[in-house]
1. Can you give the FRET efficiency to the nearest 0.05 for Val28 and Leu95, using r as the Cβ-Cβ distance and R₀ = 22 Å?
2. Work through the residues other than Asp117 whose Cβ is under 15 Å from its Cβ and net out their charges, Lys, Arg +1 and Asp, Glu -1.
3. Let me know the shape class of region 58-137, please: from the alpha-carbon gyration tensor, a ≥ b ≥ c as square roots of the eigenvalues, rounded when a/c is under 1.5, otherwise prolate if a/b is greater than b/c, or oblate.
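Bear in mind these aren't lab numbers, they're just calculated from the coordinates by the rules spelled out. For clarity, every value in this text was computed on a predicted model and none was experimentally measured. FYI the Cβ positions are ideal-geometry reconstructions off the backbone, even for glycines, and counts take in every protein chain you see.
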Amino acid sequence: MTTNLPNAPVRSAPAYDAPGPRASWKQVPRDLAYLLPGFPIALAAFVLVVVGVSLGFGLALLTVGVPILVATLAAARGFAALERARVRACEQRPLAPTYYRTVTGSFLQRTIGMVRDPQCWRDALHAVVALPVNVFTWGITIAWVPPVSAERSASSTRGLFPSTRRTSSSSTWPGSTRTSSTRSSTPSSAFCS
């Protein structure tokens with residue numbers, strides 16, 4: 001059984017102003033500045049880390065590999081710092097801090113401490129995993145930028161310049177179906193005998 005109250009006020013849902021999308025055309029230059037150099041940086045990091053880790057583990061028994069491995073992990077750490085700086089610049093907000101183990105002692109203890117630091121290995125893993133992602137996003141960006149920029153420039157200059165369409169049928173583009181009076185209608189296979 002329902003009860004109807006004659007003078008009960010009707011409450012509506014409170015008005016909620018949903019935030020608009022953060023992305024706009026103002027964000028595009030920052031995104032392009034992040035995406036376009038992404039592939040070359042990822043390729044350099046990938047090659048350096050894969051070659052360095054392979055060489056370091058391969059030569060570890062000869063004790064030459066440990067310094068190579070440490071240098072590779074230091075380079076991976078540098079590439080990770082560069083990536084964090086690029087993300088900070090693109091997003092324009094601070095990122096969560098990254099913690100590396102601080103090892104004190106002799107040179108050998110610091111070297112072994114760097115090899116045992118899990119964050120250094122995460123940085124090296126990032127260099128390996130980031131390459132396929134950057135290949136994909138770079139390819140999409142390269143395919144997307146020319147049509148969008150051409151469309152934007154065409155829409156901004158529409159009506160400023162006269163039309164450049166050809167009205168004469170005396171010249172044709174290669175591969176077109178129309179033939180000109182100056183062109184021979186001989187099939188091209190006749191020249192291949």
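1. 0.55
2. Values: positive: Arg77, Arg101, Arg110, Arg116, Arg122; negative: Asp123.
Residues close to Asp117 contribute a combined charge of +4.
3. Details: a/c = 3.37, a/b = 1.60, b/c = 2.11.
Cα axes put region 58-137 in the oblate bin.
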